[in-house]
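Some notes on the structure that comes next.
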Amino acid sequence: QVQLVESGGGLVQAGGSLRLSCAASGGFFSINAMAWYRQAPGNQRELVAAITRSGTTNYADPVKGRFTISRDNAKNMVYLQMNSLRPEDTAVYYCAAAQNIVLVQTAPPYWGQGTQVTVSS
């Protein structure tokens, strides 16, 4: 059973940066794609970025050019570097994992517990 644990959230001013981390354990060898999602109050959970084991990435339009997803396969880690943060980036950010890039962007079976990111204006 894959387990995901996020860290790195917090409070930051608009224009600032944060780096989220996600540690994976338990059967990570079966995971070929990982992603970050976010959910703001009153909104549906939305995909932020996804990455394959080989490093192919995909980003949602609102974060292109500001956020960077990366992974360290040796350490079973995935990261989300968030720059030029805006108040509308405020949300709970979730790490997700799946066997392939399509599944991780549509219905990932594995989720972390989430970490709060708050951007003040």
Computed helical MRE - 222 nm, the chain, DSSP H runs ≥ 4 contributing -39500 (n - 2.57), nearest 500: -1000 deg cm²/dmol
Gain on full stretching of the segment that runs from Asn100 to Phe29 - 0.36 nm per residue minus C-alpha separation: 24.3 nm
Net charge contributed by nearby residues that have their C-beta within less than 10 Å of Val78 (K/R +1, D/E -1): 0
Reciprocal of mean inverse Cα separation for the chain (Kirkwood radius, Å): 14.0 Å
Environment charge of Asp89, counting only residues whose C-beta is closer than 11 Å and scoring Lys/Arg +1, Asp/Glu -1: +2
Packing-based ranking, highest mean first, of 90-96, 103-109 given that Cβ atoms within 10 Å are counted: 90-96, 103-109
Rounded percent of accessible protein surface that carbon and sulfur make up, the stretch 76-121, 1.4 Å probe: 52 percent
The chain - share of DSSP beta bridges that are antiparallel (%, nearest 5): 90 percent
Average accessible area per residue (Å²) across the chain - probe 1.4 Å, nucleic acids and ligands excluded: 49 Å²
Ellipsoid semi-axes in whole angstrom, largest first, where each is sqrt(5λ) of the Cα gyration tensor of the stretch 58-112: 21, 14, 11
Charge sum, other residues only, whose C-beta stays under 11 Å from Gln116's C-beta, Lys/Arg counted +1 and Asp/Glu -1: 0
At R0 = 22 Å, FRET efficiency that the Cβ-Cβ distance of Thr68 and Val5 yields, to 0.05: 0.60
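The values are calculated or read from the model by the stated rules, or taken from the named source; none is laboratory data. From a predicted model like this one, the values you see are computed outputs, not experimental measurements. Positions of Cβ are backbone-derived with ideal geometry, glycine not excepted, and every protein chain shown enters the neighbour counts. Quick note on the areas: whole protein, heavy atoms, side chains included, nothing else; ligands and nucleic acids left out. Shrake-Rupley method; radii C 1.70, N 1.55, O 1.52, S 1.80 Å.
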